[in-house]
Amino acid sequence: MEQVLFTFEMGVVCALLGFTVFLFVSEIVRIDLAAILVLVLLGILSYLPALSNLANVNELFNGFASNAVISIIAVMIVGAGLDKTGIMNKVAATIMKRGGSTEARIQPIVAGTVGVISSFMQNVGAAALFLPVISRISTRSGIPINRLAMPMGFCAILGGTMTMVGSSPLILLNDLLQTANSTLPEHQKMEPFGLFSVTPIGAVLVLTGILYFLLLGRWVLPGGGATSDGSVGHGMSSYLKRVYGLKAEVYEVEVPEDSPLVGQILADVNLDNHLYIISTFYRGKTSMVQVLTAEIAAPCRLAIIGRKMVIDAFAEKHGLKVLPQLDVFAEDFAPTNAGIAEIVIPPESDLIGKSPRELVLRKNYGLSLLAIHRGEETLSHVETDDHTPTAIGLVEFQVGDMLVSHTRWDNLTRLKDDRNLVIMTSDFPQEELRPHKVGWAMLFFAISLSMILFTDVRLSLCLLTGAVGMLLSRVLSIDEAYQAVGWNTVFLLACLIPLGQAVQNTGTAEWIAQNILILLDGWPLWSLQAGIAVLATAFSLVMSNVGATVLLVPLAVSIAIAAGGNPAVFALTVAISTSNSFIIPTHQVNALIMGPAGYKVKDFIKSGGIMTIIFMLVSLLMLNLVF
């Protein structure tokens, strides 16, 4: 193998690499701005006569049109489309139903699910699809999103090692082996790897990642922090008590067929028992809008707002079972879907002088009235600190009345244009879900996924097909698609791609590789394999993992043959080790989760540093056990 000589251009590239790492670690400027600065420096330096080969200035911005960047843009749009239909809400609800609301149970469920998904689709796609899910779980459970995003992201990266289509280096590996075979004698030619050849290695890596955060998460993950909506927030019951003095919580009650409550009128039950049946679940359907004369049918579930002692007495009287926590109503009362709204009756409103029952407020406006705040007084079905219960369904509205209501956010969004009401609540999700578009969203997601798995079409084009399909079927508007893209992630990755190309094109990467491997010459076989793993890991931090794989696989094969090792295993060591990219946010998945979770580079260094060492030890052990 011809020795590569060190050049002035290589020195400049090494200096730029050091400067980039310094900017990332010190965070003197924002990380995406640091990437833009490095791109500008690379371009300007390339105009100097002695550095003309540093970068092709005519292709300096090609990173913005690269397969990786376009794929990220497309997968963000596809993920937003699925989220807009409410699917991600349902996924979040299912996970919370299985895992409760504790970090120790939710974290492994999310991480394990993403790990499996990323084994058959690109890891950044799996992570992008689950970002809305962990955002909703964070809001509903109160677990800070920075405690969920990194385990999810790391396991998405680890999951890419479970099959030969899970990551770009593994997809590329068999082609590189075939190329290497053309120069090898017949008895040394390497067999291609099957689709599931690496599954035992990847499965153990994913399991290791889950255990890592379960056992060490309290120390390696950022502490505390905000939930995904940016605030710690208060539950509905604590808000009602703090602001209006209402001593009430939401309970789910099961009504058996033989209950004396069956056949009674909902409105009368509310009035007679000083509580509020806010929602019903009957024959698999939940309804928060009830007809006044509706009768209670059984078996069913009721969501009731009231005092614990009142509801317990009510349940005992009518043979009902009070569940320990919300089950079928958990989704309806999730903060991402519904909550407390405060609405004022303005002068000249058509509602003045009319009662909620007369207006059929729940059916026509989607408002479940909990209280009327009038001057210094609060009127409510339930007991307050200062007043006895009031039949507010019969109270006529007056100018200036504050209606304290529970409502779905999509209902509240529609009421903003109603001149009869003034919406005082402003801090609520004002996006309109489109559950009627779920069929179109799933269709185009399936088309994209099928193209990825069963065709040779470029990944970016596969994902853009799904994104464009969602736009044409109006799952998303084009403006919503633009808003769904994390442009800081796009600029971070697109601006670093030319630097990675400079590392490869100037021969810097090959020079570093050769000199390190010369140092390892004569070492035991296992240490040569470990050295290649370290080299592949280091290269994946400063250049694309595909570039690192293309560069190092031929070197690894040559070293293995010279040392009497298995060249296929050495090549696979490279392809797997280029996924060991956790220390700084240069990997697409790390860049994706950094903004939404509010991570700093030091968070990746702290958590990713240990993960990098564990990955290396486990992967090398499993490679030698399996092969």
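The table that follows gives values for the structure above.
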item: Single unsatisfied condition, E254 versus (1) at pLDDT 60 or above; (2) part of a helix (DSSP H, G or I); (3) charged (D, E, K, R); result: (2)
item: Output for the range 130-173, where each listed residue is under 16 Å from A597 (Cα atoms), hydroxyl-bearing (S, T, Y) and over 14 Å from the mean Cα position of the chain (by Cα); result: S141
item: Any chance T465 is touching a residue at least 12 places away in the same chain (Cβ under 8 Å), part of a helix (DSSP H, G or I) and farther than 30 Å from G598 by Cα; result: yes
item: Checklist (1) part of a helix (DSSP H, G or I); (2) open to solvent by 40 Å² or more (accessible area, probe 1.4 Å) applied to R474, failing item; result: (1)
item: Single condition P585 does not satisfy, out of (1) more than 26 Å from W487 (Cα to Cα); (2) touching a helix residue (DSSP H, G or I) at 6+ places or on another chain (Cβ under 6 Å); (3) not hydrophobic (A, V, I, L, M, F, W, C); result: (1)
item: Which listed residue, of V133, V124, V114, is more than 22 Å from L205 (Cα to Cα), open to solvent by less than 20 Å² (accessible area, probe 1.4 Å) and either in contact with a helix residue (DSSP H, G or I) (Cβ under 7 Å, 6 or more places away or on another chain) or not basic (K, R) (or both); result: V133
item: Residues of the range 14-31 classified as β-branched (V, I, T), open to solvent by 40 Å² or more (accessible area, probe 1.4 Å) and in a helix (DSSP H, G or I), total; result: 2
item: Near pairs, Cβ below 7 angstrom, 6+ apart or cross-chain, from the range 573-590 (open to solvent by 10 Å² or more (accessible area, probe 1.4 Å)) to any residue that is assigned to a loop (DSSP other than H, G, I, E, B); result: H587/S581
item: Complete set of residues in the range 475-485 that are touching a helix residue (DSSP H, G or I) at 6+ places or on another chain (Cβ under 7 Å) and without any contact (Cβ under 8 Å) to a residue 60 or more places away in the chain; result: I478
item: Subset of the range 46-72 (residues that are of a type in the set (V, I, T) and either open to solvent by less than 30 Å² (accessible area, probe 1.4 Å) or at pLDDT 90 or above (or both)); result: V69, I72
item: Where G43 falls short, out of the listed (1) open to solvent by 60 Å² or more (accessible area, probe 1.4 Å); (2) assigned to a helix (DSSP H, G or I); result: (1)
item: Given (1) surrounded by fewer than 23 Cβ atoms within 10 Å (Cβ to Cβ); (2) within 19 Å of T612 (Cα to Cα), number of the condition W523 does not satisfy; result: (2)
item: Conditions (1) over 21 Å from G366 (Cβ atoms); (2) touching a helix residue (DSSP H, G or I) at 6+ places or on another chain (Cβ under 9 Å); number of the one not met by V250; result: (1)
item: Selection from the range 46-65 of residues that are more than 31 Å from the chain's Cα centre (by Cα), in a helix (DSSP H, G or I) and not hydrophobic (A, V, I, L, M, F, W, C); result: P49, N58, E59
item: Segments classed as helices (runs of 4 or more DSSP H), wholly inside the range 75-142, with at least 3 members that are polar (S, T, N, Q); result: 123-141
item: Among residues of the range 461-512, those that are more than 29 Å from V13 (Cα to Cα) and either under 20 Å from the mean Cα position of the chain (by Cα) or not acidic (D, E) (or both), counted; result: 24
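The values are calculated or read from the model by the stated rules, or taken from the named source; none is laboratory data. On a predicted model such as this, the values are computed, not experimentally measured, just so you know. Glycine gets a Cβ as well: all are built from the backbone with ideal geometry, and neighbour counts include every protein chain shown. These area figures cover heavy atoms from the full protein model, side chains too; ligands, DNA and RNA do not enter into them. Shrake-Rupley method; radii C 1.70, N 1.55, O 1.52, S 1.80 Å.
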